[in-house]
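The next block holds one structure in the form of structure tokens; read it before the comments.
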């Protein structure tokens, strides 16, 4: 690693809230001549071993040293042209770099040397993790001449400039004017200018310890710090800090003591007018709901007044109105589609405060138990004007502290609230039927989620929870692998989340797809990631279940056009392992999927592989299909529209069943070889249109135990049996 010394001059006392700027003194690694006074470069790029990097604190400086095997990429403009390798000086501040360069390099070129791009979210508060994951520096080399394939630089020394600031944080929470406690959080969220850094601290820290963070530098920007404090593995307190006009210079080291504020449960549910002019806030009781004298409001912290349903509360910008109540539910039920009670605003409002104030007007700060079915169902549905308070999800947050839920308690609660960017932290661990169903559906601005890992699941508990949240790029935590599933528990949870790129951070593979009663958890993952067009960062062994449930993976990744990884699907090695529609349309429309999973099943189920790879246009090689006993619609439309597929797998089953191969290869326009050993072809629609619109010339390999005429009998045989222009041959056992 390049040598950087971060230095800072401190005043006699460290002042709370003050961000102290510093200066940086960069010691320059010398690039010594390799042969005949030259610097060599290479096109082959090998990443440095992150575990070899090191940073050390020495007084008020942080030193970085070179390690054996360190590498530097070389760029000419935007094009990478080679690599430099550290050859000596390991453990010191200076090294000799050598390598080779391609022949595009000419005299007077300016070459840029770069260390790898950093991953700021992979640091853990230690200098070691910063060195391993956040190291990023650049330097410039001017080419004097190229002589006999040797590049001669104008100078034999080069100066690296670090591209981030390193900050040592000491966080303090003042619970009285003069008394405070030092905070060592579990998780840090730092927003500085346009950069957002999120990381979890190492377990090596003790309470009150200071810690380090690498942050991309900027000048005169706002900084927001959210520090999550955990008890065990769950967040219990969240602290917040914000300051404007902050400068953190690249290459500098800072020591900051920050006075944090604590999120508050004692604020009732509140609307704050965010726009100039008149804003009207209205609360309308749902069908078969009677507010009576149990709902109250106050304006601008005035006296509490009984609220009559449908009354407009008029606010100017900055005015607030708060609500509290004594009803246990604000919707009668969802069975008969009765609309629930609903808040509306005529202009943008910040929404914050404790939702429990609606069910417990005086003790809401300590109340975590819901008792009424459909308690807050549809409460803000379609309200496009509610927004999170600017800055942080933990400062004036929407607070939902309930840990005991009821059926459908939050059903469609924020559905269509397009102004929300951050969801409230959901602390409940034990789910109830449909409790979160559609809760944030079509919240198209939502980007931040926070949810405790569930200890129990229930039918449809997360169904369509984030469907259509097109800006959501990270998933909240899900239940652990030891928690039994439930029917439709994750059905459509992230459907059409077009910015989502990967799995939850706590994702653990599940071997069992059973519910708490050891019954099949049907449709448990159905449509879970359907339409997530940016999803690609998956684990190959994420689906290790060997015995499946009905429609368990139905349309799970349908339309995930960025998906390229091969997923291992081991189910099917034992009798009865597959289930009806278990893989139906699982990868349909995954247009970039070329590496398909192995499918070892020899015992099939109805529609088990139906449309599984339909529309996977870059699928070149089909997986082997070893089953010799088929089931209704088992392979129906399985490869429909796979335009790059050239040859079918060997279809070994001697007896066809209804719809088993129906439209199986339809519109596979490059398909020129099919091997099918069937001898019984009379099942209903077993091969209907299965070769419609395949390549005009090809070879059909059949069993020698059935005649070509039998294959070509019946109406429309050229699209439903064998293409008319294809050559027919007999199968020869290998």
Requested in this report: Give the residues of segment 495-510 that are surrounded by fewer than 24 Cβ atoms within 10 Å (Cβ to Cβ) and part of a loop (DSSP other than H, G, I, E, B), sorted by residue number.
Outcome: 496, 498, 499, 501, 503, 504, 505, 506, 507, 508, 509, 510
Report task. Specify which of the listed residues (588, 606, 632) is modelled with pLDDT of 95 or more, within 25 Å of the chain's Cα centre (by Cα) and within 22 Å of residue 685 (Cβ to Cβ). Result -> 588
Query raised in the report: Taking segment 575-620 on its own, how many of its residues are in contact with a strand residue (DSSP E or B) (Cβ under 8 Å, 6 or more places away or on another chain) and assigned to a loop (DSSP other than H, G, I, E, B)?
Result: 7
Requested in this report: Answer with yes or no whether residue 95 is in a loop (DSSP other than H, G, I, E, B), in contact (Cβ under 8 Å) with a residue 24 or more places away in the chain and buried (at least 19 other Cβ atoms within 10 Å of the Cβ).
Outcome: yes
Requested in this report: Answer yes if at least one residue in segment 262-272 is more than 25 Å from residue 415 (Cα to Cα), in contact with a strand residue (DSSP E or B) (Cβ under 8 Å, 6 or more places away or on another chain) and in a strand (DSSP E or B), and no otherwise.
Outcome: yes
**Report entry** residue 623, sole failed condition from (1) within 35 Å of the chain's Cα centre (by Cα); (2) crowded, with 24+ Cβ neighbours inside 10 Å
**Finding:** (2)
**Report entry** So residue 57, is it assigned to a strand (DSSP E or B), exposed (fewer than 15 other Cβ atoms within 10 Å of the Cβ) and at pLDDT below 85
**Finding:** yes
Query raised in the report: How many residues does segment 381-399 contain that are surrounded by fewer than 20 Cβ atoms within 10 Å (Cβ to Cβ) and modelled with pLDDT of 90 or more?
Result: 2
Query raised in the report: Restricting attention to segment 288-307, and to residues there that are surrounded by 13 or more Cβ atoms within 10 Å (Cβ to Cβ) and out of contact with any strand residue (DSSP E or B) (no Cβ under 8 Å at 6 or more places or on another chain), which single residue is nearest to residue 230 (Cα to Cα)?
Result: 289
Requested in this report: Kindly indicate whether residue 695 is touching a helix residue (DSSP H, G or I) at 6+ places or on another chain (Cβ under 8 Å), over 16 Å from residue 662 (Cβ atoms) and surrounded by 12 or more Cβ atoms within 10 Å (Cβ to Cβ).
Outcome: no
**Report entry** Boolean, residue 261 is modelled with pLDDT of 90 or more and either more than 29 Å from residue 320 (Cβ to Cβ) or surrounded by fewer than 21 Cβ atoms within 10 Å (Cβ to Cβ) (or both)
**Finding:** no
**Report entry** Every pair of residues 6+ apart whose Cβ atoms lie under 7 Å, when the first sits in segment 346-360 and is touching a residue at least 24 places away in the same chain (Cβ under 8 Å) and in the same structural domain as residue 285 (by TED's automatic domain parsing) while the second is surrounded by fewer than 19 Cβ atoms within 10 Å (Cβ to Cβ) and in a helix (DSSP H, G or I)
**Finding:** 354/365
Requested in this report: Taking residue 625 as the residue in question, decide whether it is touching a strand residue (DSSP E or B) at 6+ places or on another chain (Cβ under 9 Å) and either within 24 Å of residue 546 (Cβ to Cβ) or in a strand (DSSP E or B) (or both).
Outcome: yes
Report task. Could you tell me whether residue 550 is modelled with pLDDT of 90 or more and more than 14 Å from residue 613 (Cα to Cα)? Result -> yes
Requested in this report: Take the residues in segment 448-470 that are closer than 25 Å to residue 386 by Cβ and in contact (Cβ under 8 Å) with a residue 40 or more places away in the chain, then tell me which one is nearest to the chain's Cα centre (by Cα).
Outcome: 448
Report summary line: The condition of being in contact with a strand residue (DSSP E or B) (Cβ under 9 Å, 6 or more places away or on another chain) and crowded, with 19+ Cβ neighbours inside 10 Å holds, among 106, 123, only for 123
Report task. Quick one: which residue in 133, 119 is in the same structural domain as residue 82 (by TED's automatic domain parsing), in contact (Cβ under 8 Å) with a residue 60 or more places away in the chain and either under 32 Å from the mean Cα position of the chain (by Cα) or under 27 Å from residue 204 (Cα atoms) (or both)? Result -> 133
Query raised in the report: Which ones in segment 161-189 are out of contact with any helix residue (DSSP H, G or I) (no Cβ under 9 Å at 6 or more places or on another chain), surrounded by 20 or more Cβ atoms within 10 Å (Cβ to Cβ) and either assigned to a strand (DSSP E or B) or assigned by TED's automatic domain parsing to the domain that holds residue 123 (or both)?
Result: 162, 165, 167, 169, 171, 183, 188, 189
Report summary line: Note: among 411, 389, just one is in contact with a strand residue (DSSP E or B) (Cβ under 6 Å, 6 or more places away or on another chain) and assigned by TED's automatic domain parsing to the domain that holds residue 284, namely 389
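The values are calculated or read from the model by the stated rules, or taken from the named source; none is laboratory data. The shown structure was predicted, so the numbers you read here are calculated from the model rather than taken from an experiment. All Cβ positions, glycine included, derive from the backbone under ideal geometry; neighbour counts span all protein chains shown.
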